[in-house]
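What follows draws every value from the coordinates through simple rules; no lab data is involved. All figures in this text were calculated on a predicted structure; none of them were measured in a lab. Neighbour counts run over all protein chains shown; Cβ positions are idealised from the backbone, glycine included.
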Amino acid sequence: MIEIIRADKNNIKDIQLVSNVAWPHAFREILSPDQIKYMMNWMYSNESLLEQMEVKNHHYFLAKENDKFLGYMSIEHNCENSGKTKIHKIYILPDVQKKGIGKLLLDTAINETKKQNGSAIFLNVNKYNDNAIGFYKKTNFFLAKEEVIDIGNGFIMDDYVFEKEIIYE
Ligand SMILES: CC(C)(COP(=O)(O)OP(=O)(O)OC[C@H]1O[C@@H](n2cnc3c(N)ncnc32)[C@H](O)[C@@H]1OP(=O)(O)O)[C@@H](O)C(=O)NCCC(=O)NCCS
C-alpha cells in the first residue's frame, strides 16, 4: 500500500534519491543538461533543502511503498501572503507515474490547505511540460497566467501558473 508521510530534514537523502532520477527525466527534452545541473544544485542540495524546510516553511511529503520512496511534494501555505498554497514541487519516479500517486499527493495538498483555510492552490509549470500540464488539467486546475523568471547564470524559467480553487463544503 502506498502511504503519504510528512518529511523532514532526516528525509533529505530520501528526497534526493527520488529527485536525482525524476527531475532530470522530466526535463530531459525541455532543458539543456547545463540548466538541469544548475537547477538540481539550486533546489536539491543539502543546504537548499534544509533552508526550504527550516527557513522558508516549505512542507515536504513523500509517497512511500514498503521501504521504497516513489515521489515527493513540497508546499508553502499563504505564499507571499496570498492566502493560497503553492505547490513548489511534485515529482513521481518515471516508472510509477500514472498510477494515482500524483493524485494522492495532490489530495494531501488540498487537505493541508483546508487546514489553513487557504482559498486556492497554485503552481508554476514549464510551458513545454505537456505531461504535467495534462495532469493539472485533468485535476481541474485553470491557467491563471504566464511567467518568465530569470534564475541566474543566463537561465530562465518559461512557465505557466496554474491554479485550483479550494472548495469547502
Ligand atoms: C505530473 C505527475 C506529478 C502526475 O502524477 P501521476 O502519479 O503520474 O498522476 P496520477 O496517476 O495521480 O493521475 C491522476 C489523474 O490524472 C490523469 N493524468 C495524469 N497524467 C496525465 C496526462 N499527462 N494527461 C492527461 N491525464 C493525465 C490520470 O489518468 C488520472 O486520471 P483518473 O483519476 O481519471 O484515473 C507525474 O506524472 C510526474 O511526476 N511527472 C514528472 C515530473 C513533473 O513534471 N512534475 C511537475 C512539475 S511542475
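Here are a few things to note about the model shown:
- Kirkwood hydrodynamic radius of the chain, from inverse mean 1/r over distinct Cα pairs, in Å: 16.4
- Filtered GluC sites (Glu not before Pro), the range 1-67: DSSP coil and at most 16 other beta carbons within 10 Å: GLU29
- Loop-located chymotrypsin sites (Phe, Trp or Tyr not before Pro) in the range 54-136, at most 16 other Cβ atoms within 10 Å (DSSP): TYR128
- A DSSP coil position with no more than 14 other Cβ atoms inside 10 Å describes the following trypsin sites (Lys or Arg not before Pro) in the range 28-68: ARG28, LYS56.
- Net charge, ASN20 excluded, C-beta distance under 12 Å - Lys, Arg +1, Asp, Glu -1: +1
- 14 Å beta-carbon shell around VAL125, net charge (K/R +1, D/E -1): +1
- Nearby lysines by direct alpha-carbon distance to LYS99 (threshold 20 angstrom, same-chain neighbours under 8 apart not counted): LYS64, LYS68, LYS89, LYS137, LYS138
- Note, ³J(HN,Hα) from phi for the range 48-54, Karplus 6.51, -1.76, 1.60, rounded to Hz, x at Gly and Pro: 5, 5, 5, 5, 4, 6, 9
- The Cβ shell under 12 Å around PHE141 holds other residues with a net charge of +1, Lys and Arg each +1, Asp and Glu each -1.
- About its Cα centre, the chain has a charge dipole of approximately 400 debye under the convention of +1 per Lys or Arg Cβ and -1 per Asp or Glu Cβ, with nothing else charged.
- Close amide H pairs (under 5 Å, H built 1.01 Å from N) link ILE166 with ALA120, ILE121, residues at least 5 positions away or on another chain.
- Neighbour-count ranking [beta-carbon atoms within 10 angstrom, fewest first] of ASP8, ASP150: ASP150, ASP8
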